[in-house]
Every structure is written in structure tokens, then in C-alpha cells.
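Asker: The structure that follows is given in the form of C-alpha cells.
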2 protein chains.
Amino acid sequence: MRLNTKSRYAVMALADMAGFKDSRPISLRDISIRQSISLQYLEQIFLKLKKNNIVKSIRGTNGGYVLAKNACHIKLSEIFIALNENVKTIGCDKHSKKGCNGRSTKCITHNLWDELDLHINAFFENKKLEDLIKN
Amino acid sequence: MRLNTKSRYAVMALADMAGFKDSRPISLRDISIRQSISLQYLEQIFLKLKKNNIVKSIRGTNGGYVLAKNACHIKLSEIFIALNENVKTIGCDKHSKKGCNGRSTKCITHNLWDELDLHINAFFENKKLEDLIKN
DNA sequence: AGAAACTTGACTATTTTAGTCGGGTATATA
DNA sequence: TATATACCCGACTAAAATAGTCAAGTTTCT
């Protein structure tokens, strides 16, 4: 089990941004350098963050991104959802015949994965971006 | 984020076994049919479960596997460890130069992933195989 | 003896991941 | 108004992981 780098980088980049108090836009180029993440990969990530209203973009010279809301209001769960890293951990897919083993009834471990999802989501729901930079 | 099928199947197969009260060995062939899992894939899985002392094998005709201990004493965390599904969720690898972004210091989100690991592991530590079959 | 069932290593197709490439468009500033 | 800076975006790809299969055993019950 592993989170993917996109989610990880997204959190790192946003935490980087949140560390700056002034509201000047921050360019991906700067984040790229500070966090050692490829600029073009960051662009992919920020596109999704923007679509999900987590950041706003300012184009042109001296442009960049700013957080769309205060760091204390950005839940980590939002970030994962934005990147389609839906923290749905496991199969039991309703659409697939393989899900729940092709049975009409729930598989023996179905509820377990549901509980696990709740457990993990609760963690991310309660974590705010601001929590990361307080220490 | 997704658990792999090996871990999922392992839990399903063990839960299947735990559902039988008598202590006769259960053949992988039977589990394979009941849970719709390829026999040969189950063999791979049970090899690991055996090495980690979660099941015992009885060879020969009427052989099969039995749980090495009572279902109420088998923690799900054991099962994941047995399958090398170490619930270490994220990078920040001490050995890799990429980990923590090649910095000597911890990356900005390092503690977050540590916390998440603890959170998930706690879930599996507290879940016993028996809990799955009670309902 | 023969069948049932475990044992084991090697192999492979598919999918996912983690990016790169290359061509845009918008805007501030000189 | 030229140009550099920075966002925008779709398509592509190499490498790794996943989810198995295949083949050839060994052991033990009946």
C-alpha cells in the first residue's frame, strides 16, 4: 500500500506555499526548485488543484499560484480527492463481476474494507494544511 | 491507494477457514471454489502465511491447511506483514536520494506520513480474524 | 499404486506509476 | 509593442508493480 507521488507532491507543494505569509503569487518554478519536484509534473498536479478550487492561478510575468482559501480551512482529504487519489482502499467493486467475487451477496470481508476507508478518511478529514506547518 | 489482491485474498481465505468450527484441514481447492480465487494464486499466498506461522499445512490426501492459532488471536496486521504488504504508506525512504527530496533534513510532510502509518497500523492491530466472521 | 494436496521457482501479460515532451496562451514590464 | 515569464494542456513513454499462469515436483492417505 502506497500513496502515489502526485498526492505526496501536492501536499508538499501546498505546504510549501502555506509557509509564506505574504499573498504574492508563488511560481511553480520556485516550488519546483525548493521541493525538488519536476516543473512539468507540478503543472499536472496544480491543474487538478485549481480545478478543485484549492488554488487560484495568476498568469503572466510575476504570476503564480495562491491558496484559494486559508491554510486552516484546507483539509487534506480535499487534496486527495482533487488528485483522484480517492482513499477508497479496496476492490469489492459493484460494477465488476470480480468484485465481491462475482457473488450477489457481499463478500466475507466487505465490511472490513468499508471500515478501513472510514478510518483513513477520518484521518485526512481532520488534518488541515495548516497543521503541517505549525511545527 | 489500494491494497493489493494478495492481502485481500489472504484475508478472505483465512476468514473462510475461520468460519469452520471443526478442525479438519481445509484444502486450498475448496477455498478456491468458495472464494473464486485461482488455486495457484492461493498456493503462493498460503506459502507466505505458512512461513509466518499463521497457518499449518497437512500434506497428502485429505490434507489442507488449518489455522495455526485461534481466530481470536490472529491480528490482521500479522497477515499483511506476512504478505510483505507492510502498511508503510509512503516514500521518505532513508536510503533513496529521492526520499525526503534528497535533503539531509526531513521533508515538510515527513511527520504526516509517519502519523498516517500509525493510524492505519492501529486499525489492523486491533482487528482480529474472528471479528470478521462474527456478523 | 494412485490420487489428493501441498511446494516451489520461473515466467508473463496487463496495468499503473511517474514522469517527459512539445506545443500552446495570457500578462506584466521594459 | 516586444519579450520574457509563467500558466495551460494533451499526448506520449519507460519502468515498475500487480495479478496472475505454468510446469514440475514432493508427501501422504487410502
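Asker: Given the options B:Lys21, B:Lys88, name the one that is modelled with pLDDT under 95 and surrounded by 13 or more Cβ atoms within 10 Å (Cβ to Cβ).
Answerer: B:Lys88
Asker: Quick one: in the stretch B:108-126, of everything that is facing chain A (nearest Cβ under 7 Å) and more than 23 Å from A:Ser36 (Cβ to Cβ), which residue is modelled with the highest pLDDT?
Answerer: So, considering only residues that are facing chain A (nearest Cβ under 7 Å) and more than 23 Å from A:Ser36 (Cβ to Cβ), the one modelled with the highest pLDDT is B:Phe123.
Asker: Which of the residues belonging to the stretch B:10-59 are closer than 13 Å to B:Leu129 by Cα and not in a loop (DSSP other than H, G, I, E, B)?
Answerer: B:Ala10, B:Val11, B:Met12, B:Ala13, B:Leu14, B:Ala15, B:Asp16, B:Met17, B:Ala18, B:Val55
Asker: Now for a separate question. Looking only at the stretch A:45-54, which residues are within 8 Å of DNA strand D (Cβ to nearest atom) and surrounded by 14 or more Cβ atoms within 10 Å (Cβ to Cβ)?
Answerer: Once the filter is applied, which keeps residues that are within 8 Å of DNA strand D (Cβ to nearest atom) and surrounded by 14 or more Cβ atoms within 10 Å (Cβ to Cβ), the stretch A:45-54 yields A:Phe46, A:Lys50.
Asker: Within the stretch B:65-80, how many residues are more than 15 Å from B:Lys48 (Cα to Cα) and part of a helix (DSSP H, G or I)?
Answerer: Matching residues across the stretch B:65-80 total 3.
Asker: Then there's this: Name every residue in the stretch A:1-23 that is of a type in the set (Val, Ile, Thr) and within 12 Å of DNA strand C (Cβ to nearest atom), in order of residue number.
Answerer: A:Thr5
Asker: Taking the options B:Ile26, B:Ile33, B:Ile79, name whichever one is within 12 Å of chain A (Cβ to nearest Cβ) and within 14 Å of DNA strand C (Cβ to nearest atom).
Answerer: The unique qualifying residue is B:Ile33.
Asker: Looking at B:Tyr41, is it surrounded by 14 or more Cβ atoms within 10 Å (Cβ to Cβ) and near DNA strand D (Cβ under 9 Å from one of its atoms)?
Answerer: Yes: the conditions hold for B:Tyr41.
The values are calculated or read from the model by the stated rules, or taken from the named source; none is laboratory data. Quick caveat, the model's predicted, so the values are computed rather than measured. Cβ coordinates were reconstructed from backbone atoms using ideal geometry, including for glycine residues, and neighbour counts include every protein chain displayed.
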